[in-house]
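These notes are about the structure you will find just below.
The values are calculated or read from the model by the stated rules, or taken from the named source; none is laboratory data. Since this is a predicted model, take the numbers as computed values, not measurements. When we count neighbours, we look across all protein chains shown, and the Cβ atoms used for this are built from the backbone with ideal geometry, even at glycine.
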Amino acid sequence: ARPRVWVSQPLFGDIVARLGEHFELDAATDVTIWSPDAIADRLHDASGALVTLNERIGAGEIASATALRAVANVGVGYDNLDVAALHARGIVATNTPDVLTETTADMAFALLMAAARRVTEGERWLREGRWTQWSFDTLLGHDVHGSTLGILGMGRIGQGVARRGALGFGMRVLYHNRSRLPERIESNSRAAWVDLDTLLRAADHLVLVLPYSSATRHLIDAAALAKMKPTATLTNIARGGLVDEDALADALSHGRLAAAALDVFEGEPSVNPRLLALRNVVLTPHVGSASLATRRAMASLAVDNLIAALGHGPRAGDPPTPIGAPAAGGIPAK
Ligand code: GLV
Ligand code: GLV
């Protein structure tokens, strides 16, 4: 029998079909919420799996998956994978960096600007029929151009955000990362390294673009928020768990932070009701990389990764994007 491959969610049919040239396909046709037991069941006699951030794959899920040799994540973040547990079993794990960098950096800017200039707040206000007469001081926000952009986590996406800020909006760009980037990359990104404390204090607009792990959980907590300017905005396009959402709601409701824009949430898809109730927060449903072209490129790369990792195709045995050490975008525990 041909090796079996599990695809956990519907992706693009024409792209997923390429797996069918090499493997027996077990592909979800509807959006599915998989329990850990159901995941273990699907992996039980699979050689490979193509999964999304919805599916957590850890020691329990792979315990009886004796044929499993590769797990391809559709996404750059892979906190849903227990990479150590996979590696301990000799299972290759891959992700989809690079193809989503510019699209996600675009979205960071969309969110940052929406928060700074109160775009979605204004739209809601208008739709509620509250616009009765143009007035001089309606919805005054904070400037983006010429301000100081702070980037926490300077991987590929962080560098894309930096370039947009420096070249497009004349921003002064500061970043913090666990390691300083080589000078060539710093100068391409027009960004200067600072320590975390300085970044928090200096940023007019802070963007989070770093990997999530137990070491970065609630990195932005009450103490970190207290260091930020009351006129600043916070944009999160990485993972919700980086931010203590209750502390953020406190800061936003007490005027200690001007606004926030969040594409990711700690308990997504449910959103902290305190954030839902606030007018000065922009909320989007984890769509940072969601352009048609980029989602197709991500699906395609994940399929290539799986085919290569399972020893087929032109890159057999040489998956283009294996996950090894955490990506360069990280910062150390606080
Ligand atoms: C999505 O959040 C991703 O990590 O690609
Ligand atoms: C994440 O690792 C990125 O590409 O920025």
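Computed quantities for the displayed model
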| read-out | value |
| --- | --- |
| Residue in the range 113-123 that is closer than 30 Å to Ala162 by Cβ and within 16 Å of ligand 2 (Cβ to nearest atom) present | no |
| One residue from Arg124, Arg118 being crowded, with 19+ Cβ neighbours inside 10 Å, charged (D, E, K, R) and touching a residue at least 24 places away in the same chain (Cβ under 8 Å) | Arg118 |
| Filter pass, Leu68 being more than 15 Å from the chain's Cα centre (by Cα), closer than 25 Å to Lys229 by Cβ, more than 16 Å from ligand 2 (Cβ to nearest atom) and assigned to a loop (DSSP other than H, G, I, E, B) | no |
| Number of the condition not met by Glu266 [criteria: (1) within 16 Å of ligand 1 (Cβ to nearest atom); (2) in contact with a helix residue (DSSP H, G or I) (Cβ under 6 Å, 6 or more places away or on another chain); (3) over 16 Å from Thr52 (Cα atoms); (4) in a helix (DSSP H, G or I)] | (4) |
| Per-region count, the range 80-102, residues within 15 Å of ligand 1 (Cβ to nearest atom) and surrounded by fewer than 20 Cβ atoms within 10 Å (Cβ to Cβ) | 4 |
| The range 238-266 - residue that is within 16 Å of ligand 2 (Cβ to nearest atom) and charged (D, E, K, R) and, of those, farthest from Asp204 (Cα to Cα) | Arg239 |
| Residue check, Val83 closer than 23 Å to Val209 by Cβ and touching a helix residue (DSSP H, G or I) at 6+ places or on another chain (Cβ under 6 Å) | no |
| Residue among Leu152, Leu206, Leu181 that is assigned by TED's automatic domain parsing to the domain that holds Ala258, crowded, with 22+ Cβ neighbours inside 10 Å and within 15 Å of ligand 2 (Cβ to nearest atom) | Leu152 |
| In the range 144-178, the residues that are closer than 20 Å to Arg239 by Cβ and part of a loop (DSSP other than H, G, I, E, B) | Gly153, Met154, Gly155, Asn177, Arg178 |
| Number of the exception - Arg239 against (1) within 16 Å of ligand 1 (Cβ to nearest atom); (2) in contact (Cβ under 8 Å) with a residue 60 or more places away in the chain; (3) touching a helix residue (DSSP H, G or I) at 6+ places or on another chain (Cβ under 8 Å); (4) not acidic (Asp, Glu) | (3) |
| Any hit, the range 143-153, residues being within 18 Å of Asn305 (Cβ to Cβ) and within 15 Å of ligand 1 (Cβ to nearest atom) | no |
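Quick grid of which residues meet (1) buried (at least 17 other Cβ atoms within 10 Å of the Cβ); (2) of a type in the set (Gly, Ala, Ser); (3) assigned by TED's automatic domain parsing to the domain that holds Leu149; (4) at positive phi:
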position	(1), (2), (3), (4)
Ala192	no, yes, yes, no
Asp197	no, no, yes, no
Arg201	no, no, yes, no
Leu210	yes, no, yes, no
Asp221	no, no, yes, no
Ala224	yes, yes, yes, no
Lys227	no, no, yes, no
Asn236	yes, no, yes, no
Ala251	yes, yes, yes, no
